[in-house]
Each structure stands twice: as structure tokens, then as C-alpha cells.
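Notes for the one structure printed next.
The values are calculated or read from the model by the stated rules, or taken from the named source; none is laboratory data. From a predicted model like this one, the values you see are computed outputs, not experimental measurements. Backbone-built Cβ (ideal geometry, glycine too); neighbour counts: all protein chains shown. What goes into the accessible areas is simple: the full protein's heavy atoms, side chains included, and nothing from ligands, DNA or RNA. Shrake-Rupley method; radii C 1.70, N 1.55, O 1.52, S 1.80 Å.
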Amino acid sequence: MKEVARMLSLLLSIYNFLIIIRIFSSWIEPFRKIASGGIMDFIANITDPFLNIFRKIKFMQYGRLDFSVLLAFMSISVAQNLLLVFSTTGKMTLGFALGTILDSLWRSLGSLLLGILIILLIIRIFLSYKKTPNSIQYIQLLDQWLSKVLNTFHSIIFSGKEVSDRTLLFTSLGVSITVYVLIMQLVRIGVQALYKLPF
């Protein structure tokens, strides 16, 4: 059984690589033309049914941005980690399975999304001090992406009272970094506690 688990883990690594190829082939216009037909159709036929499961999850899509692929990578990562542990130790506990799922959720989804939010807020703050004709375009684009988050922070922290854009941005950045650090610590504690479960 250990060898079967090791082989399945290797197959998942290959499948993960095929998904990456499929995503890049659909994102990059010149590659899309070159890659049509033959091997790319074969890769699409193998990966698209799996990816389509996650594309149905609407809250992972934000305008043109589709983060549903992160869930696909996360599910493969969880399965791979579980198979690797079983192939090494020959056993699997519920606690380890739950700990692996929690850790993968944080690494693949929570950490990435919060990290992107923090980076976008930093860029938006930087642009607010460097207003040029070009930067105004970027500010408008960033404001579209960040509007829901900033509105939420504005209503929760400031109870909808009038504040300057910079105050809202700096406060949102501080809260986002604090939330990131707190969740990271809680996940670490939770994962360690789950790993120690005897069952």
C-alpha cells in the first residue's frame, strides 16, 4: 500500500504540472494560438473537467479574476500530503488529515488572498503620494478592486463616519497585517494540536 500511495502522489505532481500548463496556455494570448490543437487539447481534456468543478464556486471569482484554481491546487496539495505521509509512515490519523487540510487551506487560500490584499493596499498608498496622469489610472483600477474591502473596513472601524482616503488606507493596511499575523499564529497552533490527536 505504501508504494501505491507513493505512485499516486507522483501522479498528482504530474497532474498539478499539467494544470499549470493549462492555465498559462489560457492566459497568454500568443501561447493560446501556438498551443491550440494536439497536445494542448489533450491536456485540456484531462484538466478541464477537474478545474470546472471549482469554477462553479462563484465567491472565488471577482470580475475578471478567477481564484477558483487555487482551490484546485489546494485539493491536490492536501491529497498529496496525505499520500506522502501514508507512504512514509504506513498509517494515517484523523488528526493529521484535519491538520493537513487546515494548513493547506491557510497556505493555498487565506495566506495568498490576505497577502494580495496587503500588497494592493501598499501600492494604493504609494500611488496616493505619487499622483501623475498614469498613476491616476492605476488608482482608479485599484479602487475598483479594493472598493468592497475598503467599504467594509470603513463601516466597521469608522462606523461610516467621514475619513480621508489615506486614513482609511493606512488603517485598512494595519488591520489586514494584524489579521494576517493572528490567523497565521492560530492556524499554526491549531495544526500542531490536530497533529497530536491520538486518533
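Quote to one decimal, in nm, the extra length available between Ser26 and Phe126 on full extension: 0.36 nm per residue of separation minus the C-alpha distance between them.
Numbers: separation 100, 0.36 × 100 = 36.00 nm, distance 3.19 nm.
That works out to 32.8 nm of additional length.
Please list the helices of the chain that count as membrane-span-like by this rule: a mean Kyte-Doolittle hydropathy of at least 0.0 together with Cα atoms stretching 30 Å or more along the helix axis, each helix being a complete DSSP H run. Mind dumping the intermediate values first?
Details: long enough: 2-27 (38 Å, 1.14); 68-89 (32 Å, 1.62); 133-157 (32 Å, 0.21); 165-195 (44 Å, 1.20).
Those that pass (Cα extent of 30 Å or more, hydropathy at least 0.0) are 2-27, 68-89, 133-157, 165-195.
With each run of n ≥ 4 DSSP H residues scored as -39500 (n - 2.57), what mean residue ellipticity at 222 nm is computed for the chain after dividing by its residue count and rounding to the nearest 500 deg cm²/dmol?
Working: 8 runs with 159 residues, N = 199.
Per the formula, -27500 deg cm²/dmol.
Residues of the range 78-105 with the amide nitrogen closer than 18 Å to a label point 7 Å from the Cα of Lys196, along Cα-to-Cβ, please.
Only 93-100, 102-103 fall inside the zone, counting backbone N under 18 Å.
On the protein heavy atoms, probe 1.4 angstrom, tell me the percent of accessible surface of the chain carried by carbon and sulfur. Numbers along the way, then the final one.
On the way: 8750 of 12700 Å².
Summing carbon and sulfur atoms, their accessible area is 69 percent of the total for the chain.
Given the peptides 121-128, 156-163, 78-85, arrange them by the average over their residues of other C-beta atoms within 10 Å, most packed first.
Numbers: 121-128: 16.9, 156-163: 10.5, 78-85: 18.5.
Going by the mean number of other Cβ atoms within 10 Å, highest first, we get 78-85, 121-128, 156-163.
Per residue, what accessible area does the range 87-199 have, given a 1.4 Å probe and all protein chains present, in Å²?
Details: 7160 Å² over 113 residues.
Per residue, the range 87-199 has an accessible area of 63 Å².
To the nearest 0.05, what FRET efficiency results for Ile177 and Leu98 with a Förster distance of 35 Å applied to their C-beta separation?
Numbers: r = 28 Å, r/R0 = 0.79.
So, using R0 = 35 Å, E works out to roughly 0.80.
How much length is gained if the chain between Phe17 and Asp165 is pulled fully straight, taking 0.36 nm per residue apart and subtracting their Cα-Cα distance, in nm to one decimal?
Numbers: separation 148, 0.36 × 148 = 53.28 nm, distance 4.22 nm.
That works out to 49.1 nm of additional length.
Between Leu186 and Ile46, what is the FRET efficiency for a Förster distance of 25 Å, r being their Cβ-Cβ separation, to the nearest 0.05?
Efficiency computed from Cβ-Cβ geometry: 0.10.
For Lys196, go through the aspartates and glutamates and keep the ones whose alpha-carbon is under 18 Å away, minus same-chain ones fewer than eight residues off.
Within reach: Asp103.
Which one is right for this structure if semi-axes √(5λ) of the Cα gyration tensor in Å is calculated from it: (i) 29, 24, 16; (ii) 22, 21, 17; (iii) 37, 27, 12?
Matching the structure shown: (iii).
Between their Cα atoms, which of Lys56/Lys148; Lys56/Lys131; Lys130/Lys161 are more than 31 Å away from each other?
Numbers: Lys56/Lys148 22 Å; Lys56/Lys131 39 Å; Lys130/Lys161 26 Å.
Pairs exceeding the cut-off: Lys56/Lys131.
Would you work out the relative contact order for the chain, in percent, from Cα pairs under 8 angstrom that are 6 or more residues apart? Please report the intermediate quantities before stating the final value.
Values: 141 pairs, mean separation 50.0, N = 199.
Once normalised by length, the contact order is 25 percent.
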